[in-house]
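The values are calculated or read from the model by the stated rules, or taken from the named source; none is laboratory data. Quick caveat, the model's predicted, so the values are computed rather than measured. We place every Cβ from the backbone using ideal geometry, glycine too, and count neighbours over all the protein chains shown.
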Amino acid sequence: MQSSTIKKNLYNVGAILKGLSITFGYMFRKRPTIQYPSVKKQHAPRFHGLHELRRYGDGQERCIGCELCSSACPANAITVIGAENAPGDRVSPGERHAARYEIDELRCIFCGMCEEACPTDAIVLTPRFEMADYRRGSFIYDKDRLLVPIDAGVGAAPDERPGGIPGDLGRVADIKSTTDVAEGYSATWRGEILKTQRRGLASQ
Ligand code: SF4
Ligand code: SF4
């Protein structure tokens, strides 16, 4: 065999060994991938996700329909229509409450200006990021979908709840780790609403 051929073969074997050394090197490193959705990645402490409207500890809504969040929003994503509180049927402690409250999450840039502007800490951005859906209309979150249910962490900011998770996830934290898509999807009240909507889509 000619010396040039031997050199070429040695070079090729060296290249293969060099390539394999990278493969074997990675075999013993800690894997950066996680088994999502059964394992969730820890958010950065100031992560901005889906909004929620909070209540006071007595169940009254914090929102007083002042529209400051709507004025502060640079993406024009928030619609608030306020109404007077009726005596004997008070929705919020103020004179007014939000009769209608909507956020277009497709317009939202998750800047947190609404949270900053709110005088009553009513609107907050939670760590929740799982918002994918099939229809644009599903990204219009109205008050029914934004308001924390009365039995789910009222009066407590998301970062004060167990594990720092949103109120709607708090009561189902134990089954959040499921890999069963149907069960996991039903695991939140917002998820249940979306699921119902999808059922409607399926029957169309
Ligand atoms: S996070 Fe920013 S863009 Fe989104 S609704 Fe609030 S103010 Fe508007
Ligand atoms: S969420 Fe806050 S800023 Fe927006 S209308 Fe309600 S009270 Fe006003």
Q: Filter the range 11-62 down to the residues that are within 16 Å of ligand 2 (Cβ to nearest atom) and among the hydrophobic types (A, V, I, L, M, F, W, C), then identify the one that is farthest from the chain's Cα centre (by Cα).
A: Leu53
Q. In the range 74-130, how many residues are more than 11 Å from ligand 1 (Cβ to nearest atom), within 30 Å of Pro37 (Cα to Cα), in contact with a Ser or Thr (Cβ under 9 Å, 6 or more places away or on another chain) and not acidic (Asp, Glu)?
A. 2
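Can you say whether Cys73 is crowded, with 17+ Cβ neighbours inside 10 Å, in the same structural domain as Leu146 (by TED's automatic domain parsing) and farther than 12 Å from Tyr101 by Cβ, as far as the supplied structure shows?
Working: crowded, with 17+ Cβ neighbours inside 10 Å: yes; in the same structural domain as Leu146 (by TED's automatic domain parsing): yes; farther than 12 Å from Tyr101 by Cβ: yes.
Here the answer is yes, as Cys73 does meet what is asked.
Evaluate the range 17-39: report whether one residue or more is outside any helix (DSSP H, G or I) and in contact with a helix residue (DSSP H, G or I) (Cβ under 8 Å, 6 or more places away or on another chain).
Taking every residue of the range 17-39 in turn, at least one turns out to be outside any helix (DSSP H, G or I) and in contact with a helix residue (DSSP H, G or I) (Cβ under 8 Å, 6 or more places away or on another chain).
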(Q) Here is a list: Lys18, Lys30. Which entry is away from ligand 1 (no atom under 16 Å from the Cβ) and modelled with pLDDT of 90 or more? (A) Lys18
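Phe110: at positive phi and at pLDDT 85 or above, yes or no? Full working, then the answer.
Values: at positive phi: yes; at pLDDT 85 or above: yes.
Taking the combined requirement at face value, the residue satisfies it.
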Q: Look at Gly153 and say whether it is away from ligand 1 (no atom under 16 Å from the Cβ), at pLDDT 90 or above and surrounded by 18 or more Cβ atoms within 10 Å (Cβ to Cβ).
A: no
Q | Lone unmet requirement of (1) among the aliphatic types (A, V, I, L, M); (2) within 16 Å of ligand 1 (Cβ to nearest atom); (3) surrounded by 16 or more Cβ atoms within 10 Å (Cβ to Cβ) for Ile64 | A | (2)
**Q.** Among residues of the range 77-113, those that are closer than 20 Å to Gln60 by Cβ and not hydroxyl-bearing (Ser, Thr, Tyr), counted
**A.** 20
**Q.** Ser92 being buried (at least 16 other Cβ atoms within 10 Å of the Cβ), away from ligand 2 (no atom under 14 Å from the Cβ) and farther than 24 Å from Ala44 by Cα
**A.** no
